[in-house]
Amino acid sequence: MTVDITKYSKFLEQVASEIDIPPGKYQDAVDRYKAVGRWLEEGEYPGCSSELSIYPQGSFRLGTVVRPIRDGIEASYDIDLVCEMPLRKDQSTPQAVKSMAGDRLREHGTYQKLLDPEGRRCWTLEYAEQDGVGFHLDVLPAVLDGRGLLSTALAITNKNGSAYSWSASDPRGYGAWFDGKNDAAFARAVVEQKQNIQRRASLIYASIDKVPDQLVRTPLQRSIQLMKRHRDLRFNHDDHIDYTPISIIITTLAAHLYGNEADVYSALSGIVGRLQAHTALVEGKAIDRSLAAMGLIQRRQDGTWYIGNPVNPAENFADRWHEDNHARARAFFAWVDALQKDLLDILGEANPRLLKEHLGRVLGTAAVSKHLDVLVLPAAIIDTPPRIHITSPAKPWREV
């Protein structure tokens, strides 16, 4: 038996759906962050003459949410929220902006109890688990960067020890850039997917119009989810965790390299293949001219690396890749090779039992076991005792 590509693509789609946030939990998260947003918006902040702007960023905004793995088990979802104050960074200080958001959260009896100690960039609210699923809601204080009237660039607060500073960010701009890479695939999928979601979650969404765009998933988004889950399981060890490929690099490169493929397998195969073509950079060798011209992953003459933020090229996502003898770069490309082996080359596996065990290790046993019957008949993956064939059976009688 070899794995049928069409069936395998459907299987990957279903596994990605399994590790995604389900509609009910998505709506719970939306309700929570809107309530937090309303509370923050109703506060009074020195120097602010207009309302705050509260909106999601990161994987929740981009539709690439994956339930994370921590210490070998599935953990709470991470929901990132921007708290954009109507100030410019030259009108305040990062410490003052961070404190204003934290003080307002502490004024609420419930949020005070949920609030973690101050983080480096965010204030984190820890929502208790319901049905085994909880949320980390990270509130990121930010102000306008002041680059121009039409700019979406922000300055976000950053704390290192007792010192505060500004860091550059642009979640609105990045979200719009990602949408542009995803638009054609989204247009193909939106109607059918919203119909399916509404049928499955009719108690949550009374009509198709009520289903949010953020629940529609394209092959690009599914590929990123699968890559992140594989990453989480591969680097789930203390000796590897410092060099774990970060989500913003995975998402940015995948979006750049997505060729508008119509199914998950083709999209994932294309992205991983184009990433592998950059591997020679680790040894300081040249890569294909067409890829080099794109400039997505660069190794400079001084040995440093560059992966630029598409909406702020001055920001380098790979600014630490040269450290420890290029440990992060080496870990990244070793992981890309593992993606090829674990998720793409597996098509040649003929043994259903080995297929189940292998995919369970790299994507999660629960998600794989639930959907493996897409690839093979259920009877083929049930643990059955081996058959013993006896060629010369002992006779139960004596010959005389």
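Here, each number is a calculation from the coordinates, and none is a lab measurement. Everything numeric in this text was worked out from a predicted model, so none of it was measured. We place every Cβ from the backbone using ideal geometry, glycine too, and count neighbours over all the protein chains shown.
Which net charge results when you count Lys and Arg as +1 and Asp and Glu as -1 among the other residues whose beta-carbon is under 15 Å from that of Ala153?
-1
Taking Cα centroids, how far is segment 171-185 from segment 149-165 in Å?
Answer, in whole Å: 23.
Tell me, what is the FRET efficiency for Ala75 and Thr6 to the nearest 0.05, using R0 = 45 angstrom and their Cβ-Cβ distance as r?
Plugging the Cβ-Cβ distance into 1/(1 + (r/R0)^6) gives 0.85.
Tell me which lysines have Cα within less than 24 Å of Lys356's Cα, excluding those fewer than 8 residues away on the same chain?
Of all the lysines, those that pass the test against Lys356 - Cα under 24 Å, at least 8 places apart if same chain - are Lys7, Lys10, Lys228, Lys341, Lys370.
Angle check, please: helix 219-234 long axis (alpha carbons) against the longest principal axis of the chain (alpha carbons), in degrees 0 to 90, nearest 10.
Value to nearest ten degrees: 80.
Tell me which aspartates and glutamates have Cα within less than 15 Å of Lys181's Cα, excluding those fewer than 8 residues away on the same chain?
Answer for Lys181, where 15 Å is the Cα cut-off: Glu261, listed by chain and number.
What are the lysines whose alpha-carbon lies under 23 Å from the alpha-carbon of Lys34, with same-chain residues fewer than 8 places away excluded?
Of all the lysines, those that pass the test against Lys34 - Cα under 23 Å, at least 8 places apart if same chain - are Lys25, Lys98, Lys113, Lys194, Lys210.
Once both axes come from the Cα atoms, what is the angle between helix 94-106 and the longest principal axis of the chain, in degrees from 0 to 90, rounded to 10?
On a 0 to 90 degree scale, this one is about 70.
Of the peptides 315-324, 221-230, how do they stack up when ordered by the mean number of other Cβ atoms within 10 Å, highest first?
Values: 315-324: 16.7, 221-230: 25.4.
Order by mean packing, descending: 221-230, 315-324.
Per residue of the chain, what 222 nm ellipticity follows from adding -39500 (n - 2.57) for every DSSP H run with n ≥ 4, rounded to the nearest 500?
One gets -13500 deg cm²/dmol as the mean residue ellipticity at 222 nm.
So, R0 is 41 Å and r is the distance between the beta-carbons of Glu323 and Ala206; what FRET efficiency does that work out to, to 0.05?
Working: r = 53 Å, r/R0 = 1.28.
About 0.20, to the nearest 0.05.
Relative to the longest principal Cα axis of the chain, at what angle does helix 23-41 sit, 0 to 90 degrees, rounded to 10?
Relative to the chain, helix 23-41 is tipped by roughly 10 degrees.
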